[in-house]
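Participant: Quick one: this structure, given as structure tokens, is what I'll be asking you about.
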């Protein structure tokens with residue numbers, strides 16, 4: 001009797017995965033090394049810098065701010081496009097097709113995608129790179145998924161800073177994708193130059209599917225999946241939205257929002273959309289609105305930084321941490337009001 005030799009089995013552990021001790025030994029870059037790596041277009045260092053910026057650890061904050069400060073003079077040379085849309089509008093499919101068109105124009109593209117975070121575990125799947133397979137492999141594109149982490153409007157806590165780092169790394173087009181139409185899209189609107197709203201036709205009353213405030217912020221409304229039997233429905237929705245836009249107040253840019261239909265699957269309407277966006281930037285740069293908007297956003301960024309700094313300083317203060325646990329227990333027991341507990345913590349922080 002002869003026993004056939006079996007097929008060699010692969011190891012149960014991926015040999016390319018770093019062990020815990022190896023991860024600890026990974027080189028820690030200085031601020032100047034991070035900045036030099038970013039400016040040279042090193043994507044590994046760029047990714048590590050973004051991770052540092054997104055970190056909530058107090059010891060990472062000052063280093064991250066120094067990196068941002070040194071990269072700031074090399075930023076602001078891109079166009080920033082915010083993309084949001086109703087659930088089911090096909091944002092990932094659209095961004096991949098749209099992104100491939102942008103890179104086909106010879107531009108360098110950074111896609112900052114925001115994934116929903118679990119309220120229980122605070123974790124995110126961060127699976128956009130798997131949904132945008134072709135775009136993620138393109139040499140002129142960089143996709144960075146980040147957790148929303150409970151931020152209103154589905155914008156990551158550090159998206160503004162990430163934009164600065166990507167621009168310093170040489171990316172001249174930035175796409176910021178939000179979780180979807182939710183509580184507040186003002187956050188993404190305050191950090192981009194152009195706001196694109198993706199809508200889906202045939203899913204009920206179109207005008208009831210989204211808040212009016214979000215429609216008013218849109219520079220272009222694109223009705224997706226306008227192919228096959230859905231094409232006529234999309235054209236009907238286009239007329240509905242065009243009529244609705246007349247009821248909105250005039251935009252500060254001086255341009256009237258446009259409505260178009262497109263199909264990412266069939267690559268229909270994508271080039272037309274890109275031409276509209278290019279015309280928008282040409283007009284706003286000539287009128288001065290582009291620079292004025294960037295200045296307004298710098299002021300907003302200052303206020304956001306103040307709020308974030310105070311928040312981090314408050315919750316990381318040792319005395320506040322100890323007292324907070326005690327007061328939370330009293331709140332569970334119902335022996336103190338939320339207002340009173342908050343005042344006690346603030347008094348401890350300000351030492352009043």
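The numbers here are math on the coordinates, done by the rules we state, and not lab data. This is a predicted model, so every value here is computed, not measured. Because the Cβ atoms are built from the backbone with ideal geometry, glycine has one as well, and the counts that use them run over all protein chains shown.
Participant: Pull out the extension gain between residue 172 and residue 302, defined as 0.36 nm times the separation in residues minus the alpha carbon to alpha carbon distance; nm, one decimal.
Facilitator: Value of the extension gain: 44.4 nm.
Participant: I've got another one for you. Just rank 27, 108, fewest to most, by other beta-carbon atoms within 10 angstrom.
Facilitator: 27, 108
Participant: On the first, second and third principal axes, largest extent first, how far apart are the outermost C-alpha atoms of segment 28-71 in Å?
Facilitator: 28, 17, 16
Participant: Hey, another quick one. Report, in whole Å, the centroid distance computed from the Cα atoms of segment 333-352 and segment 220-278.
Facilitator: Each part's Cα centre sits 51 Å from the other's.
Participant: Quickly work out the residue 268-to-residue 325 label distance, labels modelled 7 Å from Cα along the C-beta direction, and quote it in nm with one decimal.
Facilitator: Computed distance between label sites residue 325 and residue 268 equals 6.2 nm.
Participant: While we're looking at this one, here's another question. Can you give the FRET efficiency for residue 310 and residue 47, using 1/(1 + (r/R0)^6), R0 = 45 Å, r = Cβ-Cβ distance, to the nearest 0.05?
Facilitator: Once the sixth-power term is evaluated, E becomes 0.95.
Participant: Now, a different point. Please report the base-10 log of the normalised intensity I(q)/I(0) for segment 224-343, using a Debye sum with one equal scatterer per alpha carbon and no solvent, at each q in 0.11, 0.14 (1/Å).
Facilitator: -0.71, -0.79
Participant: State the extension gain, in nm to one decimal, for the chain segment bounded by residue 134 and residue 318, taking 0.36 nm per residue of separation less the distance between their alpha-carbons.
Facilitator: 61.5 nm
Participant: Which residues does the label zone of residue 75 cover in segment 266-300, counting backbone N under 17 Å from a point 7 Å along Cα→Cβ?
Facilitator: Those under the cut-off are 291-300.
Participant: For segment 298-350, what is Rg from Cα atoms divided by 2.2 N^0.38 Å, rounded to two decimals?
Facilitator: 1.37
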